[in-house]
Amino acid sequence: MPIPISGPTTITEPGEYELVNDISGTIEIAANDVTLNGNGYKVSNPYYYSIYIEGCSNITIHNMTCQSSPYYYSIYIRWCSNITIHNMTCHDSYIGICLEGTSNTNIDNVNINNNRFGIYLIYSYNITIANSAINDNYIGIELEDSSNNSIADSILSKNSVGIILGYSNNNSITGVTLSNNGIYVEESYNNTVTDTTVNGKPLVYFEGAENLEIDETSNAGQVILVKCKNVTIKDLDINNASVGVELLNCERVSITNITLSNNSWFGIYLLDSDNNAINKITANHNWTGIFLDYSNNNTIVNSTLSNNQNGITLRTSSGNNISNVNIKNCILHGIYLSESSYNIVTNTIISDGQYVGIELYMSDNNTIVNSKITNHVWSGIKLEGSGNNLIYNNYFNNMNNVEFYYYLPNTWNIEKTPGKNIVGGDYLGGNYWGKPDGTGFSDLAADNDNDGISDEPYIFIEDVDYPVESDVDWYPLVKPKVVEKTRLAPPPLPPLPKEERVVVEKQTEIRRVPVVPEELFVYGAVSAGMIPLILALLKRK
């Protein structure tokens with residue numbers, strides 16, 4: 001007969017145990033060869049783990065509901081082996097089921113919902129998760145530093161991310177249905193994903209592929225490439241997939257003509273991927289439209305990103321070029337550079353954001369040029385611990401155009417140089433500093449010599465603790481004055497000869513004197529003294 005459990009307890013002897021009622025508290029298992037049958041009851045503990053097992057083997061727990069709190073785990077299993085978890089429900093906890101340093105475990109027919117992490121594996125291997133429903137968590141399943149595991153025949157829906165593979169190799173995902181979430185991969189290799197769908201469409205997953213084209217015929221619900229080269233991804237519409245398109249350790253991949261919307265993390269995500277081209281992208285309502293992470297020498301061009309939390313983010317990425325991009329209505333950043341250097345932003349429009357147009361955080365030696373940054377609630381450009389950036393020929397029109405934290409010097413102009421500037425003037429120099437109410441520096445600046453450059457420099461920070469040269473736009477732009485050109489009236493034409501009436505022997509004859517064509521009078525080119533000569537020549541005709 002199973003040993004009844006009616007309250008919180010620690011099991012120290014092998015055997016079969018069963019719950020006889022709901023329990024408020026923790027059941028700890030500290031023995032091998034234990035079976036715990038919940039009989040459909042619930043174990044809950046808002047202050048600690050509901051089920052805790054450490055250093056044991058040959059354990060089976062089944063037929064119960066577990067709930068902890070937003071700070072603890074429903075089920076926490078550490079350094080164990082040969083564990084079976086079957087027919088369980090875990091909900092409203094920080095983690096539903098956590099396996100740490102555990103091996104040879106089967107998790108089957110579990111229902112995991114409304115947790116921060118549904119199932120979390122760390123330093124664990126030979127784990128099988130099958131025939132389960134994992135819904136409405138922030139992360140459905142995460143494998144961290146965990147290898148040789150299997151996820152099969154399960155449904156994951158409405159998680160922010162369905163499955164994360166983080167530093168985890170040689171895992172298998174097969175027969176999984178993902179709805180309104182997808183898969184995210186970080187530094188994980190030799191994994192296989194087969195017969196898996198995202199929102200009813202195939203999840204396209206390739207590792208080590210070359211010279212490949214993925215287009216609309218693939219009907220992809222999500223695209224993930226790992227260690228791929230010379231691949232074209234084009235003409236797709238991907239939404240609600242956590243990450244629409246991900247490249248991990250890829251190069252020379254072309255991503256073009258893709259629409260990405262409502263992806264809870266990223267529309268496009270590049271990690272450790274260099275020399276790729278992103279072109280003609282439409283990204284709406286993603287957390288971040290395009291994210292480059294430790295990725296260098298990529299291009300982002302000819303794209304429109306709107307209503308994302310962040311338009312474009314670069315983290316620890318260098319040598320990238322952002323050009324001809326229209327970014328609008330971002331909640332946080334239009335463009336965010338974090339610890340990223342030697343990047344170029346040019347010919348880009350960033351408008352109507354709720355926070356900052358461009359933020360540079362610990363980012364040096366970048367160039368921002370020929371761009372328009374307008375109508376941001378907090379500031380047009382924010383620099384935090386960022387120096388030696390070149391920012392010129394841009395149009396700023398925000399109530400607060402520049403914001404500094406942990407100030408370092410930057411350059412805000414080039415030397416006055418002939419060339420068409422951002423507001424149509426004839427010289428390049430600094431930036432246009434406007435405000436929506438028309439009271440910006442450039443809106444009001446004097447330009448007495450009409451060269452399109454303010455007569456006075458624009459000083460950002462008037463503080464003796466800072467070097468003045470570093471806080472100044474020496475050639476701030478002003479809008480060129482419109483000069484009304486007066487058209488000179490042509491000189492008056494000389495009078496043309498008129499008909500002449502002559503009387504001869506009581507008869508009246510009308511003699512018509514030839515009329516000189518007006519085109520011979522080219523505004524002073526023909527003088528009145530030449531008229532007789534012209535008339536004589538006409539008579540000869």
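Worth a mention:
- Rel. contact order, % - alpha carbon contacts under 8 angstrom, at least six apart, the chain: 4 percent
- All other residues whose Cβ lies under 13 angstrom from that of residue 142 are scored, Lys and Arg at +1 and Asp and Glu at -1, for a net of -3.
- Helix 531-540 vs. the chain, principal-axis angle (Cα, 0 to 90°, nearest 10): 80 degrees
- Under 16 Å of direct C-alpha separation, and excluding same-chain neighbours fewer than eight residues apart, residue 435 reaches these aspartates and glutamates: 352, 403, 443.
- Summing +1 for each Lys or Arg and -1 for each Asp or Glu among the other residues whose beta-carbon sits under 13 angstrom from that of residue 266 gives -2.
- Net charge of Cβ neighbours under 10 Å - reference residue 386; Lys, Arg +1; Asp, Glu -1: -3
- By the rule of a C-alpha distance below 18 Å, with chain neighbours fewer than 8 residues away ignored, the aspartates and glutamates paired with residue 416 are 426, 447, 449, 451, 455, 456, 469, 471, 473.
- The mean sequence distance of close C-alpha pairs (under 8 Å, at least 6 residues apart), as a share of the length of region 1-198, puts its relative contact order at 11 percent.
- Rounded Å value of the spacing that divides the Cα centres of region 109-150 and region 367-408: 43 Å
- Shape class of region 306-370 from the alpha-carbon gyration tensor: oblate, with a/c at 1.5 or above and b/c at least as large as a/b.
- Per-residue packing, averaged as other Cβ atoms within 10 Å, sorts the ranges 378-391, 4-17 into the order 378-391, 4-17, beginning with the highest.
- Ascending count of other beta-carbon atoms within 10 Å, so fewest first, for 404, 266: 404, 266
- Ranked by how many other Cβ atoms sit within 10 Å of their own Cβ, fewest first, the residues 245, 369, 478 fall in the order 369, 478, 245.
- When 47, 138 are sorted by how many other C-beta atoms sit within 10 angstrom of their C-beta, beginning with the fewest, the order is 47, 138.
- Pairwise alpha-carbon distances in the chain exceed 30 Å for 63% of all pairs.
- Gyration tensor verdict on region 277-318 (Cα atoms; rounded if a/c is under 1.5, prolate if a/b is larger than b/c, oblate otherwise): oblate
- Cross-link reach list, aspartates and glutamates versus residue 42, counting only Cα pairs under 19 Å and skipping chain neighbours closer than eight places: 16, 18, 22, 28, 92, 108
Every number here is computed from the coordinates shown, using simple stated rules; none is lab data. Just so we're clear, the structure is a prediction, and the values are computed from it rather than from any experiment. Backbone-built Cβ (ideal geometry, glycine too); neighbour counts: all protein chains shown.
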